[in-house]
Amino acid sequence: MESQIKYELETELSAPTGGVLSAILVTVEIEPKDSGCLIYGTLRDGNIGHIEVRGPKADVELPFAHPKIYVKYLKGLTNIRISTRGWKDSVRG
């Protein structure tokens, strides 16, 4: 991942590991309110994908199979909080 994109934050969300996910439900809080971020992760097909999020607060469904994410800060982002609300597994959807 490091060689493919530049990012400011690498973290693992509170969700099952092992590629069993079809999506991770998160709340993203961003400061300042007019900034944003790109959240990268591994899609079900094994490719890297991303979702763009703009502040100040958004409920987002990340289409990632693994809970490890990489965050690229946009437009002067100074503070970010990502909270896991739940997930969808690839069996139940």
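Read the figures in this text as sums done on the coordinates, not as results from a lab. What you see is a predicted model; the values in this text were computed from it and never measured. Cβ coordinates were reconstructed from backbone atoms using ideal geometry, including for glycine residues, and neighbour counts include every protein chain displayed.
Reported count of residues in segment 50-80, each being touching a residue at least 40 places away in the same chain (Cβ under 8 Å), in contact with a Ser or Thr (Cβ under 8 Å, 6 or more places away or on another chain) and among the charged types (D, E, K, R), is 2. Of all positions in segment 28-41, at least one carries a residue that is acidic (Asp, Glu), surrounded by 12 or more Cβ atoms within 10 Å (Cβ to Cβ) and touching a Ser or Thr at 6+ places or on another chain (Cβ under 9 Å). Looking only at segment 64-81, residues that are part of a strand (DSSP E or B) and either farther than 12 Å from Ile39 by Cβ or in contact with a His (Cβ under 7 Å, 6 or more places away or on another chain) (or both) come to 2 in all. Among the residues making up segment 42-53, a single one is surrounded by fewer than 15 Cβ atoms within 10 Å (Cβ to Cβ) and touching a Cys at 6+ places or on another chain (Cβ under 9 Å): Glu52.
For (1) assigned to a strand (DSSP E or B); (2) touching a His at 6+ places or on another chain (Cβ under 6 Å), each residue gets a yes or a no:
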| position | (1), (2) |
| --- | --- |
| Ala23 | yes, no |
| Ile30 | yes, no |
| Asp34 | no, no |
| Leu38 | yes, yes |
| Gly49 | yes, no |
| Val53 | yes, no |
| Thr84 | yes, no |
